[in-house]
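This report refers to the structure that appears directly beneath it.
Where a number appears in this text, it was derived from the coordinates with a stated rule and is not lab data. The structure displayed is predicted, hence computed values, not measured ones. Note that each Cβ is placed from the backbone with ideal geometry, even for glycine, and that neighbours are counted across all protein chains shown.
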């Protein structure tokens, strides 16, 4: 157990998932406690949620990371930043995160800048992003990013972890880069057995407005075809064998975007949910009591 109170600051904070992880570590007796020194977020709804979830005043929010000056930051033992993935993810246009690219993903370099400006560097810095960042397309940029951290005195440890290996029935691979100051060893947590499936997390009573399809309009061997309640040109094709086994089991025949066209079974693992603002996203096939899907 760490006897001291861990002082933490997060960037691209969202609603504060890393802070919830620290809360869990406290409950498990791994750390004595933690103290939020600041967070950095620009989305108004996320800021409001963050403050409500963590019972903290919005004065702790430093806002836009590009406006923050390192010399004004309070000391923290730990920094965490899951910088934007839109320009790295295969779900986006993959414009990259080069230092001078001005993409949203390039904002990760702002943390490097702040590390060079602070009077006393944090002992631990954790970066998180999509697994695609390790691909050949982005490998050179990632190497430059890591080299800058090494020049700042950090020893680096990296790995791609999948949520399904840590008790969550979701196929969600994420890259983690852990930078340690004055410490040369670190081990990522080992996978644990997972007995849960996607269905265990689905609500049983769901408002009718969230259902896309009505009754089955066609059956052919092991495949069924479902209609769409609002658009009779949309057809959902489902493979019943795949449905029983879990995972990807069908497709929206009209949808042009590959990820949004996918239909998943609740009998396996949840897919990675994309962070888009469109009305069309991945679909989940569920059975209801009247035998309509």
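Compactness ratio of the stretch 198-284: Cα Rg over 2.2 N^0.38 Å, N = residue count?
Values: Rg = 12.7 Å, N = 87, 2.2 N^0.38 = 12.0 Å.
Normalised by 2.2 N^0.38 Å, the Cα Rg of the stretch 198-284 equals 1.06.
Tell me whether the stretch 1-98 comes out rounded, prolate or oblate; compute the Cα gyration tensor, take square roots of the eigenvalues as a ≥ b ≥ c, and use a/c under 1.5 as the rounded threshold. Note, shape of the stretch 1-98 comes out prolate.
Taking Cα atoms only, the orientation of helix 17-27 departs from the longest principal axis of the chain by about 80 degrees. Helix 136-151 and the longest principal axis of the Cα set of the chain meet at an angle near 20°. Taking the helices alone, the chain has a mean residue ellipticity at 222 nm of -5500 deg cm²/dmol, built from -39,500 (n - 2.57) per DSSP H run of at least 4 residues and averaged over all its residues. Ordering 110-116, 209-215 by mean Cβ neighbour count within 10 Å, with the highest value first, yields 110-116, 209-215. In this simple spin-label approximation, residue 113 and residue 144 carry label points 7 Å from Cα along the Cα→Cβ vector, and these lie 1.5 nm apart. If the segment from residue 200 to residue 35 were pulled out straight at 0.36 nm per residue, it would be longer than the present Cα-Cα gap by 56.1 nm.
Were the residues from residue 215 through residue 230 laid out at 0.36 nm apart, the gain over their Cα-Cα distance would be 4.1 nm. DSSP finds beta bridges in the stretch 134-293, and of those with both partners inside it, around 90 percent are antiparallel. Restricting attention to the chain, close to 60% of DSSP beta bridges with both partner residues there are antiparallel. Under the rule a/c < 1.5 gives rounded, and otherwise a/b versus b/c splits prolate from oblate, where does the stretch 117-195 land using the Cα gyration tensor? Oblate, because a/c is 1.5 or more while a/b does not exceed b/c.
In degrees from 0 to 90, rounded to the nearest 10, what is the angle of the helix 44-54 Cα long axis to the longest principal axis of the chain? For 44-54 against the chain, the angle is about 70 degrees. When peptides 149-156, 121-128 are sorted by average Cβ neighbour count within 10 Å, with the highest value leading, the order is 121-128, 149-156. Short-range pairs are left out: with C-alpha atoms under 8 Å and at least six residues apart, the relative contact order of the chain is 11 percent. Round to a whole angstrom and tell me the spacing of the C-alpha centers of the stretch 5-48 and the stretch 56-122. Their Cα centres are 15 Å away from one another.
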